[in-house]
Structures are given as C-alpha cells and as structure tokens.
Amino acid sequence: MTERIHNFSAGPAVLPVSVLEEAQRDMLSLPGVGMSVMEISHRSKTFDEIFERADSGLRKLLGVPDNYHVLFLQGGASLQFSMVPMNFLPAEGSADYIITGSWGKKALKEGKRAGAVNVAATTADGGFTRVPANEELKLDPKASYVHVTTNETIEGVEWKQEPEVGGVPLFADASSDILSHPIPVEKYALIYAGAQKNMGPSGVTLVIMRDDLLKRIPDGLHTMLDYRTHVDNKSLYNTPNTWGIYIISLVCKWLLDKGGLEAMHRENEKKAQLIYDAIDSTGFYRGHADHDSRSIMNVTFRLPSEELEKKFASEATTQGLDGLKGHRSVGGIRASIYNAFPVDGVQALVGFMKEFEKKNG
Ligand code: PMP
C-alpha cells in the first residue's frame, strides 16, 4: 500500500508530505555527503549545519529571545516532568501546578517526588472541560515556578492566553500545541515539548529555557539530569537523536515557507472550526471542552452511547480515517489535527460525521 490515509493520531502524528519526500529522497545519501543522516557523526560539520538549521528555524518561528537556550534532549516530555522539579524545586521551596487534564496530573505526580507542590487550580471536578479563570488561581507568590499544560492532548483543552502569574517563573508543557500558533516566549521561563506532534518524530524533546534559571540549579544532580550539562554542551553532551533533529530542521523550513506561525494558526483555526461547527450543528455529537477552552489541535467529542462511539471509530477506519478513538482513559472520539493534517482530511471527517448521524441518529 503506497496511498496515504488520513491519520488523526494524537502522536506520533502526521508529518508534512513534502518533508517525508525530502527525507526519502536524501535517505541513502545527503546531497554531497554520501551517507544518510543516521550514519554521520553528531560531531561532523554536516550535522552541525543540520543542527543549526533546526535551532535557528525554531528560534525564528517562535521568536525566541537571545537570552533563552534551545535544547534538544531525550526522554520525552515525560522526563521533563522530573527534570523540571529536580532542577528548580528546592527542598525548602514549593511549586504551583495548574491542572487542566491528564498530562498536568502526571507532571504534578513527579513534582511531588522532588518537594512541596501546591495545586493552584484544578478543573478535575468538571471532568477537565476547561481552563480556569485567573480569579480561580490560588497562586503562591513565593512559589519557585508555576507549571501549566498549554494544551491537554487527551481532553482537548487549550489555554488561549497565559495565566497571570505575577513575577513567578511560568513553566509550560507545550507538547501538543507548540508551533501551532505564535507564543509570547518571553512570558515563559521554560517551555518543553516532545517533538512527535508538530515538530518531527518521537525521541527528541525541545526545551526552551531562560538563561537566568541556570543559577538556581543545585549542585549534585546526575550529569544527564542537570540542564547545565546540556546548555554547556549545546545539546551534544551525549549522542542526540540526529534523525529527529534533522526532521525538525525540515519541518521548520516547511513552516517558514508557509508564512510562519501566524499563517499556520489561521489554517489550524479554520480546520478546527469545521469540526466544531459539525459538532455544534446537531444534538447527536457533544463536544467535550467548553467553547472558550476548545483545542485547535485535539478535537474531543462524544456520541450518544459508547457502542456508537466504537462503531463510529471502526467505520471511519474502513473509510481511511484512522486514529479517531479517544484516549483509553476518557473514551469518546478524538480528532487530532496537527499542523500537517490536511484540510481535505478534515472535510472528509465532517462528511463522515454527517453520514454516520443520518444512519445512526
Ligand atoms: N505532555 C503532553 C501534553 C503530551 O501530549 C504528551 C504525550 N502525548 C506528553 C506530555 C508525554 O510525552 P512523551 O511521550 O514525549 O514523554
């Protein structure tokens, strides 16, 4: 089978076809190099150039200020759940966590291992259908940091603007909405994201970190778990995921050619709106998230029964719409429509939703 289907997977997720084609074309030999990117030294000049393209591409797209480090680490966003508190939650301090879904809960769990944590707000009671208003936040002005999940991939709940945290450093897990819209990086002290949704394959984790944080890191951490190791060695202390960084460099070029994150954001909003309109136009489908917290990356909705949801996901698969089953922890349907997901795939889903309702509604 060489034909591509519509891939609604939450991650690893769809990548731009032109990026895959370029990677395929240069798989056996990078132009003028005679080897694939997976076979060259991470300390070679060729890799230096690839690394530089990924680094400068991300800096340009996101408008990363000069006093921020851009790191390409491993261990996924999940390792960041631990590295963040190990580096920045001192024994005598505490950290604020705002919990808007399943990934925030996981980050909190690891934070607790390192020290005192305060749940500044949680929307668990309503089933994680929204982000809290600023008035609901019980922030500690002395907290070491405030942690948020900018887009909860499982529930499909997204912050539309940063919470107001005063002078406390704001840290974000942006795994599932990084590069989907512009972000004011300067409002954050640290941003981390696994690559496997909007940036590239799994196995690379992006960390964007303000330089002044480094002096807070305690001595005595394991070398690989200390951010200073990776800053001092420009992400090359050990062998990085060279393939992943290469694909990120191509994705950055693809995004820059498209007009950057503002253009991408407009496209993403249009795609998401098509599905949300289909949900709102009938009582058959029920959106999970409140309107003002709806994710433009992960559209989550329910059908009248679990049987119908099962039937919906399996019939969709037979029509080339793959990966629509919601996460096992919450059920329902989830359409992940990351940057590279094409608008005709969204239109195909909307058409399928209408047909399915006609037959089963
Ligand atoms: N945070 C968010 C918001 C995620 O969506 C995911 C993965 N789906 C993770 C963290 C965990 O990422 P990883 O698998 O890279 O550890």
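The values are calculated or read from the model by the stated rules, or taken from the named source; none is laboratory data. Owing to the predicted nature of the structure, the values given are computational and were not obtained by experimental measurement. A quick note on method: Cβ atoms are made from the backbone with ideal geometry, for glycine too, and the neighbour counts reach across all protein chains shown. Protein only, heavy atoms only, side chains kept; ligands, DNA and RNA dropped before computing areas. Shrake-Rupley method; radii C 1.70, N 1.55, O 1.52, S 1.80 Å.
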Original post:
Taking residue 56, is it farther than 30 Å from residue 290 by Cβ, in the same structural domain as residue 235 (by TED's automatic domain parsing) and either open to solvent by 30 Å² or more (accessible area, probe 1.4 Å) or of a type outside the set (Val, Ile, Thr) (or both)?
Top reply: yes
Subject >> Selected residue (criterion: nearest to residue 275 (Cα to Cα)) from residues of the range 318-349 that are open to solvent by 20 Å² or more (accessible area, probe 1.4 Å) and in a helix (DSSP H, G or I) >> reply: 347
**OP:** Check 104, 203 and return the single one that is buried (at least 22 other Cβ atoms within 10 Å of the Cβ), in the same structural domain as residue 53 (by TED's automatic domain parsing) and within 15 Å of the ligand (Cβ to nearest atom).
**Re:** 104
**OP:** Quickly run through the range 30-53 and pick out the residues that are of a type outside the set (Lys, Arg) and either in contact with a helix residue (DSSP H, G or I) (Cβ under 7 Å, 6 or more places away or on another chain) or open to solvent by less than 20 Å² (accessible area, probe 1.4 Å) (or both).
**Re:** 30, 33, 36, 37, 38, 40, 41, 42, 47, 50, 51
Original post:
Restricting attention to the range 339-359, does a residue exist that is aromatic (Phe, Trp, Tyr) and within 23 Å of residue 306 (Cβ to Cβ)?
Top reply: yes
Original post:
Looking only at residues in the range 135-161 that are exposed (fewer than 15 other Cβ atoms within 10 Å of the Cβ) and under 23 Å from the mean Cα position of the chain (by Cα), which one is nearest to residue 95 (Cα to Cα)?
Top reply: 161
Original post:
When residues of the range 261-285 are filtered for being surrounded by fewer than 17 Cβ atoms within 10 Å (Cβ to Cβ) and of a type in the set (Gly, Ala, Ser), how many remain?
Top reply: 3
Subject >> Sole residue being in a loop (DSSP other than H, G, I, E, B), of a type in the set (Asp, Glu) and more than 16 Å from the ligand (Cβ to nearest atom), chosen from 66, 55 >> reply: 66
**OP:** Mind telling me which of the residues 182, 132, 141 ends up being in contact (Cβ under 8 Å) with a residue 40 or more places away in the chain and away from the ligand (no atom under 15 Å from the Cβ)?
**Re:** 182
Original post:
Hey, among the residues in the range 69-92 that are away from the ligand (no atom under 11 Å from the Cβ) and open to solvent by 20 Å² or more (accessible area, probe 1.4 Å), which one's farthest from residue 225 (Cα to Cα)?
Top reply: 92
Original post:
Among (1) on the phi > 0 side of the Ramachandran plot; (2) touching a strand residue (DSSP E or B) at 6+ places or on another chain (Cβ under 8 Å); (3) among the hydrophobic types (A, V, I, L, M, F, W, C), which single condition is residue 120 missing?
Top reply: (1)
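In contact with a Phe, Trp or Tyr (Cβ under 9 Å, 6 or more places away or on another chain) and either under 30 Å from residue 184 (Cβ atoms) or assigned by TED's automatic domain parsing to the domain that holds residue 224 (or both): which single residue out of 291, 327 fits that description? If you could, list the steps in order and put the result at the bottom.
Details: 327 fails: in contact with a Phe, Trp or Tyr (Cβ under 9 Å, 6 or more places away or on another chain).
The match here is 291.
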